[in-house]
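So the structure is just underneath, and the comments pick up after that.
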Amino acid sequence: MASKLKMYGVWSLVLLASLLSQSADAAAVISIDLGSEWLKIGIVSPGVPMEIVLNKESKRKTPAVVAFRDGVRTFGEDAVTVGVRFPKNSYKYVLDLLGKPYNHPLVQAYKERFPYYEIVESERGTPEFVHDESTRFTPEELVAQFLAKAKDFAEINHGTQISECVITVPGYFNQAERRAMKEAAALAGLNVLQLINDYTAIAINYGIFRRKEINETPWQALFFDMGAGSTKAALVEYKNVKIKDRGYVETVPQLQVLGVAYDRTLGGVEITLRLREHLIKAWEAQGGGDVRASPRAMEKLLREAERLKIVLSANTEHYAQIESLLDDKDFKLLVSRAELEELCSDLWARVSSVLSRAAAAGGASASARLVLAGGAARAPAVLAALKDQGYEPSRSINADEAVAMGAVYRAASLATGYKVAALNVKDAVLFPIQVVFTRHVDGADKLIKRTLFSPMNPYPQKKVITFNKHTDDFSFHVNYAELDHIPPTELLNIGSLNLTQVVLTGVGAALNKHTGDNVEHKGIKAHFNMDDSGVLNLVNVEFVAEKTVTEEEDKDSTLSKLGSTISKLFGSDSETPEKPEEKPEEKAPETEKNDTAKANETTAEKQNATDSDSKPKPKVVVLKEPIKTDEQVLVLQPLSSDQFKTSKAKISELDTIDRKRAERESALNTLEAFVVDAQMKMDMEEFAECGTPEEIEEVRKLCSETSEWLYDDGYEAPTEMYEEKLAVIKEKTNPIFYKHWEHRERPDAVAALRSMLNTSNEFLKSAKNFTPEVNPEKDMFTQVEITVLEKKIDETKSWLDKSIKEQDELKKNEEIKLTIDSIREKMANLDREVKYLVNKMKIWRPKKPVKKETDNKTEETIIEGKEGEKVEETQEEKPATEEIPEQEKQTEDSGGETSEVPQLADGNDEHSEL
C-alpha cells in the first residue's frame, strides 16, 4: 500500500508539472481505455490533475460486461454476477466483434468460445446478438453502452458534464474497426478527439516521466503489452526535434513509433479457456456428467479458471473449487503451475515472436529498454520467454493504468482550455495502403498500382496522387497492399483488402474548360489525409492546370484569383511530405516533333519578350477545378442515417429506464431510512419532549403504517407514491425536529452573543478614550458615535436576559420565544456598529503641524482638510541659506506623526492596520 501511495504521489507531481496551465472555463475531458475484459477511465478537469475515475464501488477499473435481466440493465461487477446465473443475458468481450462482418474468422471463433449466445447476421452483414424475441444488440450498440457508462462514471465522480474524449484502440484495428468505434462513440453522445493506439498511449505515459532524459541523442524503448484478448509490441524512439507549429521554430521532445508487431488471439483469455478445458476434462474423468450442455456450469468453470490462473502466477499450485457445479455436485481439483504451462506450451513461442518481430521491424538497438504492460504479462512463463530474447523486462509503469493515463494526457493536449508540456507524437501506419486504377496503354487496359502509405509511414500525414493521363471519367480503388510483414495467420483477421471505390465524373468537362496554347494540364489530383485517429479520408479531387498570362490579363482574370484562393484552401503539392504520381507514358515520335516545335516557338517568344522591355512580362497562374466524386465503402458499410437513429433510440430508451429505476430506488431508500430514523427518535426523550403526547403518538402510528405498507405492497409502488408518503411524514415530524434543533443549538448561540457583548463592551471602554473631549489630539470618535454603540450594547444585553427568562418558563414542546434566527439578527446588528468604529479607527491619521514664520519666529498651526486630510500651509518660505534645526528636520521627515497608535482594550494591536 505504501508503494502504491508513493507511486500515486510521484504521478501527481509529474502531471502537475506537465500541466502548465488551464483556463477557468476549460471543460473536463476523459480518456476511455476499453479493453476486451476491463474498462478504465482517465479524466482531467479544471483544478484537478489527471487521474483515474472511480466506479460506484470506488474501484479503479470495471469489468467490461453488461447484463439485462427482468428489465434491469447492469454493468461491471453486478453484470458479472448476473452472468454466472444467466450467461446468455450477460455480454462480454464484445470489442472482439466490433467492425467485423458476420463471416469473419474472429466472429466464428467467438461463437465457438461462447456457444450459449445466439448470434445471427444483421442486414448490414455484421454479427448481432439475439437477446429476446423483440430485442437485438449489435456490437456497436453494446460498445456504445460501455462508452456511455464511462461518461456517466466520470460525470458522477467529478460533478461535471463530459462531451469530449480520447478512446484507445488496439494498434491492429483496421479502417472498418476504427470507423465502427467512432460510430459507437457517436451513439454514446461523445465527441472523439482522437482514437489513439494503445501502445502509443503507453509510450506517452512512459515519456512523461522521462522528459529530462529526452535530448538530441535518440534512445529506444520496446513496449510489450499482453492483455486479455491480444498481445502487442512496439518499438518507440525518443529524441528532441525542431518543429514549426506556432509560427516559429522550437525544440520539443518527440516519440516516434518505429516498429509494431501483434498477435490478435494471444492473450489472457486464451490461457483461461485452456485451463477451463483442463477442468472440464477432469470433471468428466470424475464421472460428473455432461457439463458442456449447461451454460451456467460452463460460466462457473470459466470464472474459476480465471481465478486459478491469477493465483498460479504467484503460487506453484492451488485448488480449483466450485460448489454445486452440476446436479448439486461439488468439484475440487489440485492444479499446479507446471500443468498450466504445459497446457499453453505453444503460446510461449508466440510471445517471443511478437517481441522479435517488433524489434526487427524498427531496427531495435542493443540498448533498447523492454517495458511491460498488460495483466497477462505477469505470468512467469511469459517473463521467461521475454528473457530468452535477451531483454530484461522492466515494470517501471503501472501495467493496468498506463494506457488510460497516457491517453488522458493526450486528451488534455487536444482539448480547448488546457496547455500541457509539449510532446510530439508520431504514430506509424501498420497496414500499407495503395491506389489501384486502370489505364489504356498500347490498345489494352493496364492495371496500375501506386503506394499511398508504406509500412511504418508516420501519421498524421497528407498525401496527393496525380492522374495525368486520364481525359475522361474514370474510377480507382483504395486497397491494403504490401502486407508481407504481416504473418499469414493474421492476414485472414484483417478481412477484406478492398477498402473503397472512388468514381470521378466531370473530368472531360474540366479539361475542355481549360484549353489553349497558354494552358498546361497538370492532371487530376486526389488529396488524401490519414488523420491522427489512423482513419484514411479522401479530402477532395480536383483538376489542376497552369496558365501563362500577362500582367494585364492577370488583373482581369477573376478565374485566376479564384484558383489561387482554392489552392490556398486545399494546399499545394509542396505541402505534402510525399507525393506519389503516375509515371508519364512514352510519347509518340510525331508528338515529340510537335512538342519540339512548340518548345522552339516558346523559346523564341521568350527571347523576343526579353529584347522588348515594353511588352508585359508573362505570369503563370494555377487553375483548379473540383471534380465530383462518389466514394463507395467496400469492406463494411457504415451505419445509415436510419440505422443510426434506430440504435440511438434503443440506447436512449435503456438510459431512460435506468434513470427512472434509479429515481425510484432513491425515493424508496429515502423513505425507508426516514421512517426508521423517525421511529427511533420518537423513542428518545430529547425528541419526545419537543412534541405533545398526541403529536408523538401520531408520528409513531404513521411510521408504523408506512413501514408495514413498504414490506407488503410498497416495493412495487411508483416513485410518486414514495415521495407523497415521505412528504406526509415530514409534515408531522418537522415541527418536532425543528424544536429539538432550536433547543440543542441555543446554548452555543447564546454563548456566542454573550462573548460578542463582552468584546464590544471592552472595545467601548477603549474607544471612550479617543474622543475630542477626552483626548483632543486623538479624536477618533465623536460622542454621538460612542453613545450609539453604548446604547446598542445595553439594548442587546437587556433583550437577551429578558428573552432567556421568558424561554426558560416555557416547555420544550411550546412555541419558541428565543430563536436562533433572532440571536443571529442581534449579533449582526451589534457587529455592524462595532465594525463602523473599527474601520474609522483604521483610516484615522494624526494631525500634522504646520509652520508659520513671523519676525524670524516659527509658529506651528494645524489646518484641517477634507475627510481628515491634513494640509500644510506655509506663510513665508525660509531663506535658501537658512539651516533647519535637526529636530525640525526629523519632524518633517516623519510627517509629524510622532504620536503613538492606540490599542484596543482587549490588547489586540491594530498598529499594522492604521
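Numbers at a glance
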read-out: Cβ-Cβ FRET estimate between Arg292 and Ser352, R0 fixed at 41 Å, reported to 0.05; value: 0.80
read-out: Point-to-point label distance, Met684-Glu77, nm (Cα→Cβ direction, 7 Å offset); value: 3.1
read-out: Value in Å of the Kirkwood radius, where the stretch 769-839 supplies the Cα pairs that are averaged; value: 14.3
read-out: Pairwise label distance in nanometres, Gln161 with Val784, each label 7 Å out on the Cα-Cβ vector; value: 5.5
read-out: Contact order normalised by residue count of the stretch 730-812, Cα under 8 Å, 6+ apart, percent; value: 23
read-out: Rounded to whole Hz, the Karplus (6.51, -1.76, 1.60) HN-Hα couplings of the stretch 300-317, x for glycine and proline; value: 4, 5, 5, 5, 5, 5, 5, 5, 5, 4, 5, 5, 6, 5, 10, 10, 7, 7
read-out: Prolate/oblate/rounded call for the stretch 646-846, Cα gyration tensor, a/c under 1.5 rounded; value: oblate
read-out: Per-residue HN-Hα couplings for the stretch 824-839 [Karplus 6.51, -1.76, 1.60; θ = phi - 60°; Hz; x = Gly/Pro]; value: 4, 5, 5, 5, 5, 5, 5, 4, 5, 5, 5, 4, 4, 6, 5, 5
read-out: Cross-link pairs Lys61/Lys244; Lys111/Lys149; Lys446/Lys624 - those with Cα-Cα distance over 31 Å; value: Lys61/Lys244
read-out: Burial order of peptide ranges 250-262, 500-512 (average beta-carbon count within 10 Å, highest first); value: 250-262, 500-512
read-out: Length added when fully stretched, Ser666-Glu724, from 0.36 nm per residue minus Cα-Cα; value: 19.5 nm
read-out: Enclosed volume per residue, in Å³, of the convex hull spanned by Cα atoms of the stretch 377-508; value: 212
read-out: Phi-based couplings in Hz for the stretch 51-68 (Karplus 6.51, -1.76, 1.60; Gly and Pro marked x); value: 7, 8, 7, 8, 8, 5, 8, 6, 9, 8, 9, 10, x, 7, 9, 10, 9, 10
read-out: Peptides ranked, highest mean first, by Cβ atoms within 10 Å: ranges 144-151, 474-481, 327-334; value: 144-151, 474-481, 327-334
read-out: Distance in nm between pseudo-label sites at Asn734 and Thr548 (7 Å out along the Cβ direction from Cα); value: 9.2
read-out: Separation of alpha-carbon centers, the stretch 384-452 and the stretch 821-847, rounded to whole Å; value: 69
read-out: Residue list for the stretch 794-808, given a label point 7 angstrom along the Cα-to-Cβ vector of Ile816 and an amide N cut-off under 17 Å; value: 800, 803-808
read-out: Cα centroid separation - the stretch 494-541 against the stretch 54-92, whole Å; value: 48
read-out: Estimated FRET transfer efficiency when R0 is 35 angstrom, pair Glu118-Asn315 (beta carbons, to 0.05); value: 0.35
read-out: 5 angstrom amide H check on Ser36, placed H, neighbours 5+ away; value: Ala228, Gly229
read-out: Amide H contacts of Gln461 (H built 1.01 Å from N, under 5 Å, at least 5 apart or other chain); value: Met530
read-out: Among the listed pairs Lys40/Lys426; Lys462/Lys522; Lys805/Lys835, those beyond 28 Å (Cα-Cα); value: Lys805/Lys835
read-out: Förster radius 35 Å - calculated FRET efficiency between Lys212 and Ala27 (Cβ-Cβ, nearest 0.05); value: 0.65
read-out: Difference of contour (0.36 nm per residue) and Cα-Cα distance, Trp219 to Glu323; value: 32.1 nm
read-out: Order of Arg450, Arg276, Arg661 - criterion: other Cβ atoms within 10 Å of each residue's Cβ, fewest first; value: Arg661, Arg450, Arg276
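Readers should treat all values here as calculations from the given coordinates under stated rules, not as data from a laboratory. The shown structure was predicted, so the numbers you read here are calculated from the model rather than taken from an experiment. Using ideal geometry, Cβ is built from the backbone for each residue, glycine included, and neighbour counts are taken over all protein chains shown.
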